[in-house]
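The values are calculated or read from the model by the stated rules, or taken from the named source; none is laboratory data. Keep in mind the model is a prediction, meaning the values are calculated, not measured. Here Cβ is always computed from backbone atoms with ideal geometry, including for glycine, and neighbour counts include all displayed protein chains. The area values use the complete protein model at the heavy-atom level, side chains included, leaving out ligands, DNA and RNA. Shrake-Rupley method; radii C 1.70, N 1.55, O 1.52, S 1.80 Å.
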Amino acid sequence: MLAGILLALIGTADVVRARTGTDAAPRRVLATVVVVLLWIGVAVVAVFGLGLKLGSVAIAIVLAALWIATTTPVRPADTRASATPRPVWWRRSGSWPSVLLAVALAVLLLSTPSADPSGFVVEWQRGSAPGFVAAVPLAAMVGGVGAALFLVDSANVVVAQALPPGLSPDTVGRTVADDGGRRLFGRRPRRDAPAAERERAGDDDGTVLLKGGRMIGPIERLLLAGFSLVGAFPVVAALIAAKGIVRFPEIRRETTGYQAEYFLIGSLVSWAMAFAAAGMCWLLAQG
């Protein structure tokens, strides 16, 4: 259950960070205040609603704070990449925050003693909750909520860490030109396109705004995790195949291989997190 609390803390913080839109001081202070208030709410529910020990919840908060301090949020591409400040050195050190988080979750899942829960959430589930909610073990329910929050925006951070430096979200939206001056991501204006369109394409400083993946990724992960939990594996296979079919023409047109590598690495890491979240919920349901 504590693993679900940790994921909920990280997930809520990254949802806030991803939607601040900028690292300017006023927005950063506002985001910090909102995150602290949300974490207080999660801690109150964990201690008084689920009966977890205050010391255990404090450990989860420390681990979540370390995640926030060592990762950079993946925000919608609504600003030019040149205006994005270069992250500090401890946020440019690869995938080690994700690896440490995976280790911490494994330790919490394997070593946390199972205690008899008590609190207002427990009483609500046992008394007045709908039948389908009461049928789900409380630990699995907490883990599912935490995993869902993590899969929304925090998983984008993990995907960004897994991508090679040249394919990270900080650089993938910029103009990447080969010896012939072609764009690797984005389309060149047609010769028969209106002059205004060609002018806009030439005045955008080469920035290609990739916004769809920020929405498709969370939806895809939540669907894969949900269908995996209910055993709908043919639907899971269909979703994975559909994504490949939809992306294939775009990858086929791109001749350098960068976009194919971006798609493969990002998709594999995203799918792995969805299946890992489903597996964690299944383990928690087994008690």
Q: Would you point out the residue of the range 61-97, among those that are over 23 Å from Arg28 (Cβ atoms) and small (Gly, Ala, Ser), that is modelled with the highest pLDDT?
A: Ser95
Q: Output the number of the condition that Phe275 fails; it satisfies all remaining conditions of (1) within 14 Å of the chain's Cα centre (by Cα); (2) open to solvent by less than 60 Å² (accessible area, probe 1.4 Å); (3) of a type outside the set (A, V, I, L, M).
A: (2)
Q) Given the structure, is Ala148 part of a helix (DSSP H, G or I) and surrounded by 18 or more Cβ atoms within 10 Å (Cβ to Cβ)? A) yes
Q. Open to solvent by 40 Å² or more (accessible area, probe 1.4 Å), touching a helix residue (DSSP H, G or I) at 6+ places or on another chain (Cβ under 8 Å), part of a helix (DSSP H, G or I) and at pLDDT 90 or above: does that describe Val45?
A. yes
Q: Could you tell me which of the residues Gly206, Gly287, Gly186 is open to solvent by 50 Å² or more (accessible area, probe 1.4 Å), among the small types (Gly, Ala, Ser) and at pLDDT below 70?
A: Gly287
